[in-house]
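This report refers to the structure that appears directly beneath it.
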Amino acid sequence: MKLPDNLKNIRKENNLSQEQLAEKLGVSRQAVSKWESGQSYPEMDKVLLICKLFNYNIDELMNENVKEVDETKQSKKNLNKYIDDFFDFITKTVNMLSSMTTKQKIKCFIEQIICIMFLVFIFSILGSVVLSVFQELTRGIHWTVFSVINNVLSSIYIIIALIIGITIFLHIFKIRYLDYYEYEVIKESKDKIADNEKNEAKIINENNIKEKDVKENNTLENKKEKIIIRDPKHSEAKFLNAILKAVLWFIKFIAIFIGIWFAFLFVGLFVLIILSFLFVKTGLVFWGSLLGLISLIVINFIILQVIYNFIVNRKSRKFRIGIGLIASLALGGISIGIMLIGFTKFNYIENDEILSNEDIYTFEMTDNLSINFWNDNNLEYIENDSDEVKIIVKYSEYYNIKVINKNNTIEIHNYSNDIKTIDMIRTYIEDINNKKIQDYGITKIYVYTSKENIDKLEANKIIKYEQDLENRLEEMYDENSELENTIEDLKEEIEEKDIEIQELKEQLQESI
């Protein structure tokens, strides 16, 4: 950016018209207009005058962007203000403490301890609530992932709580002591002088009274010169404002991260609206789900709008937001009611014809043999005269079955057939449109063996379940034992370090 643009920016920043700038420089308005349009350039004496009037050097005016120059100067100026204000805060604190009596210092110290304990209590409760909510939201996540996320969020919360807590503590200290303490001293001094004036007025003559008044007024003025007047507006210290601004920017960064997820959700809800037309034949269920999705889109849009307004410091229209939330919640309630009415017309069908596949397995009976299947309701024992264990597994074409004998435990697993997944989805959509529901992943197990073997299989299943519980308890006990050993080792290391520190202190005292 060259001279013409810089001249235009300088004029606008200082709220000057071309006529006003021309008057300051002693030229015509047309000359200023030509300079700003680049048709001509000012003479060197005019360039120097511009630099002098608006505090720029020639290089900044001719070759740099004056907006960036102003921002750099302002940032340096603000940084110096923050530093000066911080040291001024310390100076006032030291002056205040040096002028306090021992009793007043003890009172001040106790109040600060109570304030710290109160803040710690409040942030501890908030931390517990946040942790409980996080544990509920992340239930089912792998322990390693949960541990990493938990540690990161805990660190972020501790940092934010520490910064906010220190800022609140310092501000309370400022308005409770720095802004009021010496003001009260002034008031007490005035009261004492007034009382003395009344008592002495009765026993001295007029001349002595006037002389006394002059002397006491001089004394009061001397006292005022040494006193820091309180801040009636309770304005915050600049360095506290800087800390709060840093916290605010950090919160805005988190808001941006949350907003990104809501933006993805916003897009996903529109995708669901398109997909919902696959179930248009369900009637009330379709219309209810459509209204529900529209309600969620409105709520999502309001949340995104609030996050955006917070990030760009724009005032949110609370009335419009409130009306939007109430309307969307009402619409959501209506959609749920319509869907419930529609679901009353659906039928659950137990269709054994869907079990089109059948596998047969034979196992030799042993004393420790047992059967493990996740759904005992679909496991049926059938008595016969055979000493072997014959297992017949019936399942749909959309799933595959895997049966293995693992350490005398017959494990039966079913998993989806990826090749048939699309067909299953088509069948599912067709059945929903026909207002019927059936379980496509159902698997039925039939076990054929003697009565004695059936009793053994059932008993062995209970025994192995109890053994698994005992093994888990032993593993937990071993983990606790390892933790206790680690804690003991750490305690010993701490004791050794304490001994080393004590020895260093003794050596330091001897050297002094």
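The values are calculated or read from the model by the stated rules, or taken from the named source; none is laboratory data. Worth saying up front: this structure is predicted, and the values here are computed from it rather than measured. Note that each Cβ is placed from the backbone with ideal geometry, even for glycine, and that neighbours are counted across all protein chains shown. All accessible areas refer to the heavy atoms of the entire protein, side chains included, with ligands and DNA or RNA removed. Shrake-Rupley method; radii C 1.70, N 1.55, O 1.52, S 1.80 Å.
What the table shows:
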read-out	value
Cross-chain or 6+ apart pairs with Cβ under 8 Å, region 272-285 first and more than 16 Å from L340 (Cα to Cα) and without any contact (Cβ under 8 Å) to a residue 24 or more places away in the chain, then hydroxyl-bearing (S, T, Y) and part of a helix (DSSP H, G or I)	S276/S289
Tally of residues being of a type in the set (D, E) and surrounded by fewer than 12 Cβ atoms within 10 Å (Cβ to Cβ) across region 418-428	1
Failed item, numbered, when Y398 is tested on (1) within 22 Å of K436 (Cα to Cα); (2) surrounded by 13 or more Cβ atoms within 10 Å (Cβ to Cβ); (3) at pLDDT 85 or above	(3)
Flag if Q74 is open to solvent by 60 Å² or more (accessible area, probe 1.4 Å), modelled with pLDDT under 70 and farther than 21 Å from I164 by Cα	yes
Subset of region 348-391 [part of a strand (DSSP E or B), open to solvent by 60 Å² or more (accessible area, probe 1.4 Å) and either touching a residue at least 60 places away in the same chain (Cβ under 8 Å) or under 30 Å from K435 (Cβ atoms) (or both)]	Y348, E358, N372, E380, E383
Residue among K461, K451, K497 that is open to solvent by 50 Å² or more (accessible area, probe 1.4 Å), under 43 Å from the mean Cα position of the chain (by Cα) and either among the charged types (D, E, K, R) or under 29 Å from F373 (Cβ atoms) (or both)	K497
Test: E475 is at pLDDT 80 or above, closer than 30 Å to N407 by Cα and either under 36 Å from the mean Cα position of the chain (by Cα) or surrounded by fewer than 10 Cβ atoms within 10 Å (Cβ to Cβ) (or both)	yes
Test: residue in region 84-96 that is modelled with pLDDT under 80, surrounded by 16 or more Cβ atoms within 10 Å (Cβ to Cβ) and among the basic types (K, R)	yes
Matching residues, region 429-441, being outside any helix (DSSP H, G or I) and open to solvent by less than 40 Å² (accessible area, probe 1.4 Å)	Q438, Y440, G441
Filtered residue count, region 142-165, keeping only those that are exposed (fewer than 10 other Cβ atoms within 10 Å of the Cβ) and hydroxyl-bearing (S, T, Y)	1
